[in-house]
Amino acid sequence: MSIGTREDNIRRIVLMEERICNCDRCPSLIKCIRKPSLGKGELEPEMVFVFESGSTFTNSIDNIIELRNLFKSEFNIAKIYHTYMVRCQPKACTVRYGVSCYTNSRLLDKGNRCILSGKLCEGIPIKPSTEEIFACLPFLLEEIEILSPNYLILFGARVSEFVLRSFGIFSDIELGKRYEFNKKVILTTVYEQDFGIEECKQVQELMSKPLEASEL
């Protein structure tokens, strides 16, 4: 990648992240989000991991490093980037819904303390709704287009379904399969917290085998 292209990628990613941080498509979510989940890693990646949303697993840098190192060692992939289908993790919160709160302002301070209870956020992460996924999905598609990796690893059934359908792939969407779109190899697998050595072997097989006509 030329220096000019790399600088353009950085500029485009930064501008996209500014729009993500200022996004108000899901007003109920942003009240209890301190900062959206943003992609991290090499800006000229060979491979991009796509997670459904922020989680206990992905919030641990040790888990991310371990997952990256596994792919780097087993697949001889040096440059990896990870990102999210949904940037603002929905939460179930008894405090927020147990009081009358009409403000549109954020309810978490810089220390992740709830301004309603005065305690650290006790919200329980829940799965994003279909509406929340659709609201956030354009950012992911834009990010993939900017970075243009050789390989996409889609973690989990929902990520696989929504991303592949966005690429115009509608039939036979299932985990443990290989697809191709715009010269990118797309591999579907289990959720990141369930990914182990057996799943690693399965991905190795998918990466090495020829693409079947039915998967084009």
Problem set entry | GLU42 being of a type in the set (D, E, K, R), in contact with a strand residue (DSSP E or B) (Cβ under 6 Å, 6 or more places away or on another chain) and more than 26 Å from PHE134 (Cβ to Cβ) | yes
For this session: Scan region 77-135 residue by residue and report those that are among the charged types (D, E, K, R), in a loop (DSSP other than H, G, I, E, B) and at pLDDT below 85.
Result: ARG106, LYS110, GLU122
Problem set entry | Given (1) of a type in the set (Gly, Ala, Ser); (2) surrounded by 16 or more Cβ atoms within 10 Å (Cβ to Cβ); (3) on the phi > 0 side of the Ramachandran plot, index of the condition GLY123 fails | (3)
Exercise. Taking interchain pairs and intrachain pairs at least six residues apart, which have beta carbon atoms under 8 angstrom, with the first residue in region 139-167 and in contact (Cβ under 8 Å) with a residue 60 or more places away in the chain and buried (at least 22 other Cβ atoms within 10 Å of the Cβ) and the second among the aromatic types (Phe, Trp, Tyr) and in a helix (DSSP H, G or I)?
Worked result: ILE153/PHE71
Exercise. Among the residues of region 55-64, is any under 14 Å from the mean Cα position of the chain (by Cα), surrounded by fewer than 20 Cβ atoms within 10 Å (Cβ to Cβ) and not in a loop (DSSP other than H, G, I, E, B)?
Worked result: yes
Exercise. Only one of GLU131, GLU52, GLU74 is more than 14 Å from the chain's Cα centre (by Cα) and within 25 Å of THR189 (Cβ to Cβ); which?
Worked result: GLU74
For this session: Take LEU29 and decide whether it is closer than 30 Å to ASP194 by Cα, surrounded by fewer than 19 Cβ atoms within 10 Å (Cβ to Cβ) and among the hydrophobic types (A, V, I, L, M, F, W, C).
Result: no
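The values are calculated or read from the model by the stated rules, or taken from the named source; none is laboratory data. It should be emphasised that the depicted structure is a prediction, and the values quoted were computed from it without experimental measurement. Cβ: placed from backbone, ideal geometry, glycine included. Neighbour counts: every protein chain shown.
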